[in-house]
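Have a look at the structure below, then the notes.
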């Protein structure tokens, strides 16, 4: 019998796909709707880490913080002190520039060559499903493996902080030399805030934030009922809307796994 739940499961992997039409519907703009309908969003593997809003039933959406999974080493962004090794391999992938022991899921991750990109996460809204979310074929990250991943995340954050401090101590060059453009620098930014509890912070592209989300909330009372303060209204309306599925292998194939950078570019496109 399927394992159905009315809310998305946390501490589990899932597949998400953006809903561009839902993100512009509240605008009532036919041109924006037509542009959204012309988009073909991709499906992305993510790790659902935590709820970003209280998951009451019978809601149009659920707020989640998800960590992005890439099908390759993360791109280096020298100006942000981000290097390729700032990632964690997910078994059966065993390749890493520093020889890190891979994080093991339960059951084994259905795809090879995948990595957590360190300190890269985003807050999203997931459309509710009247029939519930089927988690019968889900992939989980259990206790000690989660701790291993968090240790790698902390190591990478400290490595980046040390690199930034070392750069600040260097004397300024007499003449500024234009840097070569790096597409990754304009597509992804890491969260560099300290995080003692292991929660991954917001990652977004160089646009302000993934914007234009459908809002079904009309009163302050509804926000309070959902466990949200009125001050969080703006943040919620800026979070992109996705559909979510709990079975990785049933909704994605090895060859279809896109780069997380593609996801940020999709969000960028819908905001323009």
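The values are calculated or read from the model by the stated rules, or taken from the named source; none is laboratory data. All figures in this text were calculated on a predicted structure; none of them were measured in a lab. All Cβ positions, glycine included, derive from the backbone under ideal geometry; neighbour counts span all protein chains shown.
Please work out which residue is nearest to residue 245 (Cα to Cα), limiting yourself to segment 33-55 and to residues that are surrounded by fewer than 19 Cβ atoms within 10 Å (Cβ to Cβ) and out of contact with any strand residue (DSSP E or B) (no Cβ under 9 Å at 6 or more places or on another chain).
Taking the candidates together, the pick is 40.
Can you tell me which of 70, 113 is out of contact with any strand residue (DSSP E or B) (no Cβ under 7 Å at 6 or more places or on another chain), at pLDDT 90 or above and surrounded by 15 or more Cβ atoms within 10 Å (Cβ to Cβ)? Before the answer, list the steps.
Numbers: 70 fails: out of contact with any strand residue (DSSP E or B) (no Cβ under 7 Å at 6 or more places or on another chain).
Unique residue meeting the criteria: 113.
Can you name the residue in segment 1-18 that is modelled with pLDDT under 90 and assigned to a strand (DSSP E or B) and, of all such residues, is surrounded by the fewest Cβ atoms within 10 Å (Cβ to Cβ)?
Only one residue tops the list, namely 4.
Can you say whether residue 21 is closer than 21 Å to residue 253 by Cα, touching a residue at least 12 places away in the same chain (Cβ under 8 Å) and surrounded by 13 or more Cβ atoms within 10 Å (Cβ to Cβ), as far as the supplied structure shows?
Details: closer than 21 Å to residue 253 by Cα: no; touching a residue at least 12 places away in the same chain (Cβ under 8 Å): yes; surrounded by 13 or more Cβ atoms within 10 Å (Cβ to Cβ): yes.
For residue 21, the condition - closer than 21 Å to residue 253 by Cα, touching a residue at least 12 places away in the same chain (Cβ under 8 Å) and surrounded by 13 or more Cβ atoms within 10 Å (Cβ to Cβ) - is not met.
The conditions are (1) crowded, with 16+ Cβ neighbours inside 10 Å; (2) over 28 Å from residue 239 (Cβ atoms); (3) in contact (Cβ under 8 Å) with a residue 24 or more places away in the chain, and residue 97 fails exactly one of them. Which is it?
Tallying (1) crowded, with 16+ Cβ neighbours inside 10 Å; (2) over 28 Å from residue 239 (Cβ atoms); (3) in contact (Cβ under 8 Å) with a residue 24 or more places away in the chain, residue 97 fails exactly one: (1).
Would you pick out the residues in segment 55-70 that are in a loop (DSSP other than H, G, I, E, B), out of contact with any helix residue (DSSP H, G or I) (no Cβ under 8 Å at 6 or more places or on another chain) and more than 12 Å from residue 125 (Cα to Cα)? Let's see the steps before the verdict.
First, pick out the residues of segment 55-70 that are in a loop (DSSP other than H, G, I, E, B): 55-60.
From what is left, the residues that are out of contact with any helix residue (DSSP H, G or I) (no Cβ under 8 Å at 6 or more places or on another chain) are 55, 57-60.
Matches in segment 55-70: 57, 58.
Can you find even one residue in segment 139-150 that is part of a strand (DSSP E or B) and more than 19 Å from the chain's Cα centre (by Cα)? Break it down into steps so the answer makes sense when it comes.
Kept after step one, since they are part of a strand (DSSP E or B), are these residues of segment 139-150: 140.
Among the residues that remain, those that are also more than 19 Å from the chain's Cα centre (by Cα) are: none.
No, there is no match, as no residue in segment 139-150 is part of a strand (DSSP E or B) and more than 19 Å from the chain's Cα centre (by Cα).
Report, by residue number, each residue of segment 122-138 that is assigned to a strand (DSSP E or B) and over 21 Å from residue 263 (Cα atoms).
Listed by number, the residues that qualify are 133, 134.
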